[in-house]
Amino acid sequence: MKVGIIGAGTMGNAHAKGWQKSGAEFVGVSAKNKESAKQLAETYGIKAYDNHQDLLEAVDIIDLCVPSDLHKDMVLEAARAKKHIICEKPIALTLEDAEAMIAACNKAGVRLFIAMVVRFFPQYRAAKAAIDAGQLGELGVIRLKRIGYQPLGDEAWFTDDKRSGGMIVDLMLHDLDYARSIAGEVKRVYAKSIRSTVNDAPGDYALITLGFESGAMALIEGGWAYPPGFFRTGIDIAGSEGLIEWQSDDSQTIKPFLKPQERTKVARVGIPSSSIAEDPYVTEIKHAYEAIRDNKPFLVSPEDGLEALRLALAAKESLKTGQVVFLGGN
Amino acid sequence: MRLGIMSFAHVHADGFLQILRKLQDVEFVGFSDTDKEQGKFFAELYGVPWFSSHEELLDQKLEGVVICSENANHLADVKLAAAAGVHILCEKPIATTLEDGLAIKEEIDKAGIKFMTAFPMRFDPSIVALKEMIERGDLGKIYAINGINHSEIPRRHRSWFADKKLAGGGAVMDHTVHLLDLYRWLLDSEASDLYAEVANPFTPDAEIDTAGLVTLSFANGVFASIDCSWSRPEAVYPRWGHLKMEVIGEQGAIAVDAFNQYLNYYSKQNSRQANWLGWGSDSSTAMVQEFINSIKEDRDPSIGWKDGFEALKVALACYDAAKAKQVVKL
C-alpha cells in the first residue's frame, strides 16, 4: 500500500523511519515548512508534495503528523477521500471533535489509528503483559512519571494551549492512556498544576490522581519542567501479588563519558531515547501498517484515544474547579 | 544524662536502644514494657534492664525518655512522664486523634517539660542539603514536590501497626507524617487543603488502609503529593521501602533518594532473595543528639509538639477527604 506523511517535524521524521522499515510503499511527504519537507523527502528518497491534497490523492494511507489543532479537519478530509489514517496523538482537542472523527472514519469505511507510542515501548508492553497474566494480582497503586523539557524553536506550538491542548493533553495523555490500559475505567480525577510565568524558566508541571472503578489508584506525574536535554520516565505498579519498578535513569545500556566538546545540540522537542534494537516509533508504525494491510485490530483503538483525551480534559476541569471530577455518572 | 525508653512496642525502639547505648554522654537506664513477654524477650536479646511498669522506669531519676508505645497509648505515657517531670522524645504520629494531640500539649505545658516529635528525616544529610539548596535559591521559586514514602506493611515486625485501634490507621497514619513534616520545613508554609485516595488493595486480610495518594496545597501556593502506601511486597522486597522526593522549581528540579546508599547483598543464609544493605548516614542518632542538646542547653528542641500535631492533623484529614471524595480544607 502507498503511504504519505503530512508534517515534517519531530514526529514526521520519527514516523518516516518507521514507514521506511514497514514494507509499505512510502511515496511522499507534504509540510507547511517546505524546507523540512524537502529534507525529509531527500533522506528517504521520496517526493515532497507542494500541497497535501495532491499527496492525499497519491496514497492509500495518510499519516498525519501535524499540530493537534489540525487533526480534526485533516482526518475528516482524509476520510472523505477514503484513505486509511494514522493520526498523531492526542486524537483531538475536544471530545466532540474526537467523536466526529471516529464517526466519519467508520462511515467512510477507513481505518483510524491514533499513534499512542508509549503502548509500543518494550518496558511498558512487558509490564502490561505481566499484569494481564495476573502476576501482580489486583492492582493497588500505579505511579507513572514523564518529565521532559519545554519544546523549543519550530516545535514551540506545543506550548500553545490552543494548538496542543497544553502539557496535560499532549504529554500526560500517554500515561493516562497507559494507566487506563492496565487498570480499566476511571471514576475520579483530581489534578494540580503550575505553569511558569518566568521567562526562560521550565514550563509546566502537573500531578494527576486517578481513582479507578476497580479500586486501584494512580498518580500521574508530568512536566515540561527540566532544563533542555533532560527527559525522564518511570513506572511503579504495585498489586496485591507483586510489584513492577522501572526508571529511565536505570536502563541506559550505553553511557558515554567523553571529553566535553562544543555544546551538545538539544532536540527541539524531547522524546525518550532508548538504546534498543527497534525504535518504538518504528514498532508502532509497523504495527499500524500490518493491522491495516491485514485488516486486523489495532493494539490501541480510536476509542482508547478518545478515552485518554477524556481523562486529560477531566484533569484540566479539576484544575479549573479545584475539585475532584467524577466520570461515568459517579 | 540518664535516659530510658518507654515501651518497646514501636519498630524503632530497637534502633533507639542501640543509639542510647552508643552515645557517650548518655547513661541508658533501661526500658519499660507492660507486656511481660515482649519485655523479657528484648531484655534478653539486648542484655539491658527491663522494667515491667512505666512508673518503675520513671522512678530511676531520668532526665528524658523516648516514647515508643503504640500510637494510641502515647497520651497515657506522656501523662506519666509529665507527672515525673521527664522530658519526652515521642514517636510519630504523636497521637491517633486531635483530642489526644491537644491533651498532650496541655500535659507538657503544665509540667514544663520538653517535647520533641521523632521526625529523623529532618536530620538526613540529603534532606539537609536540599534545604540548603532551596534556601540558597538554586531552584528559584518552588513550584511543586512529588514525594514517595512507600514501604512494605510493617506488621511482621510489630503486629499492632495493622491494628486500627492501636495505630489509629494504616499506611496513611504511618507514612504521611514524615513527608508532610519535611514539606512544612522545606517550604516554611502550612498545608491549606488536600485530597486523598485511600484504600486497602495490598493486604485484604488486614482491616486497615494499605494505600494512599495524597495531593496537598500549601498556603504559599506550592502543591505536593505524598505516596504513603504500604505497596512494596511484604517479605519479598529487598528492603523496608523508600523515602524519595523531587522538588520542581523555576530553575529545574532536584531529586532526592534518601536511602539510595546501599549494597546489593545476596546470601543463602538470608530469608530474602536479595537485600539492600544500607550504609548511609544514621539520621536518628542526630535526632536523639538534638533531643539531648535541647535538655542540656535548656531550650526548645528543633522539632516540637506543633510539628507533630500539624502532621497528625493532615494524616487525619486524608481519611476525611478519601471518605468524602472531596477536597478538604485545613
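Values in this text are rule-based calculations from the coordinates and carry no lab data. Treat the numbers as computed from the prediction; the structure is a model and nothing was measured. So basically every Cβ, Gly included, is an ideal-geometry build from the backbone, and we count neighbours across all protein chains shown.
Some observations on this one:
- Estimated D of region A:2-115 in µm² per second, where Rh is the Kirkwood radius over Cα pairs and Stokes-Einstein applies at 25 °C, 0.890 mPa s: 179
- For region B:2-113, the dipole from Cβ point charges (+1 on Lys and Arg, -1 on Asp and Glu) about the Cα centre works out to 260 debye, to the nearest 20.
- Region B:253-330: GluC sites (Glu not before Pro) in DSSP coil with no more than 11 other Cβ atoms inside 10 Å: B:297
- log₁₀ of I(q)/I(0) at q = 0.27, 0.30 Å⁻¹ - region B:202-249, Debye sum with one point per alpha carbon: -1.09, -1.20
- Based on Cα atoms of chain B, Rg over Rh with Rh as the Kirkwood radius reads 0.95.
- Modelled spin labels at residue B:41 and residue A:163, positioned 7 Å past Cα toward Cβ, are 6.6 nm from each other.
- A simple charge model with +1 on the Cβ of Lys and Arg, -1 on the Cβ of Asp and Glu and nothing else charged puts the dipole of chain B at about 500 debye relative to its Cα centre.
- Space enclosed by the convex hull of the alpha-carbon atoms of region B:2-113, per residue, Å³: 84
- Euclidean distance of C-alpha centroids, region A:205-244 and region B:1-24, integer Å: 38
- Whole-angstrom gap from region B:146-179 to region B:265-330, using each part's C-alpha centre: 11
- Nearest-0.05 FRET efficiency for residue A:135 and residue B:55, computed from C-beta distance (R0 60 Å): 0.70
- Ranked by the mean number of other Cβ atoms within 10 Å per residue, highest first, peptides A:5-12, B:115-122, B:150-157 order as A:5-12, B:115-122, B:150-157.
- Between residue A:278 and residue A:51, the modelled label-to-label distance comes to 3.9 nm, taking each label 7 Å out from Cα in the direction of the beta carbon.
- When you work out D = kT/(6 pi eta Rh) for the protein assembly as shown at 10 °C and 1.306 mPa s, using the Kirkwood radius from C-alpha pairs as Rh and the Stokes-Einstein form, the result is 59 µm²/s.
- Of the residues A:186, A:71, A:218, the one whose Cα sits farthest towards the positive end of the charge dipole of chain A is A:71 (charges of +1 on Lys and Arg Cβ, -1 on Asp and Glu Cβ, taken about the Cα centre).
- Solution diffusion estimate, µm²/s, Stokes-Einstein, chain A, Kirkwood Rh from C-alpha pairs, 20 °C, viscosity 1.002 mPa s: 105
- Each of B:41, B:304, B:1 was placed along the dipole of chain B (beta-carbon charges, centred on the mean Cα), and the one lying farthest toward the positive end is B:41.
- Rounded Å value of the spacing that divides the Cα centres of region B:27-55 and region A:74-149: 61
- For chain B, the relative contact order works out to 18 percent when only alpha carbon pairs closer than 8 Å and six or more residues apart are counted.
- More than 15 angstrom apart: percent of Cα pairs within region B:6-52: 36
- The per residue volume of the convex hull around the alpha-carbon atoms of region B:51-207 is 155 Å³.
- Applying 1/(1 + (r/R0)^6) with r as the Cβ-Cβ distance of residue B:324 and residue B:300 and R0 = 45 angstrom yields a FRET efficiency of 0.80.
- Taking other C-beta atoms within 10 Å as the exposure proxy, A:214, B:283 rank A:214, B:283 from fewest upward.
- At an R0 of 22 angstrom, the distance between the Cβ atoms of residue A:2 and residue A:80 translates into a FRET efficiency of 0.75.
- Note on the protein assembly as shown: dipole from Cβ charges, positive end direction compared against B:238, B:157, A:196; the farthest Cα belongs to A:196.
- Label-to-label distance, nm, for residues given as residue A:303 and residue B:22 (7 Å Cα→Cβ offset): 6.0
- Across region B:204-269, the relative contact order, built from alpha-carbon pairs under 8 Å that are at least six residues apart, equals 19 percent.
- Cα-centred dipole magnitude for the protein assembly as shown, charges only on beta-carbon of K, R (+1) and D, E (-1), debye, nearest 20: 1360
- Dividing the mean sequence gap of close Cα pairs (under 8 Å, 6+ apart) by how many residues region A:2-115 holds gives a relative contact order of 24 percent.
- Among B:40, B:141, the order by Cβ neighbours within 10 angstrom, fewest to most, reads B:40, B:141.
- Order of B:97, B:215 under a 10 Å beta carbon neighbour criterion, fewest first: B:97, B:215
- Considering only A:162, A:72, A:89, the Gaussian network model of chain A with Cα springs below 10 Å gives its largest mean-square fluctuation to A:162.
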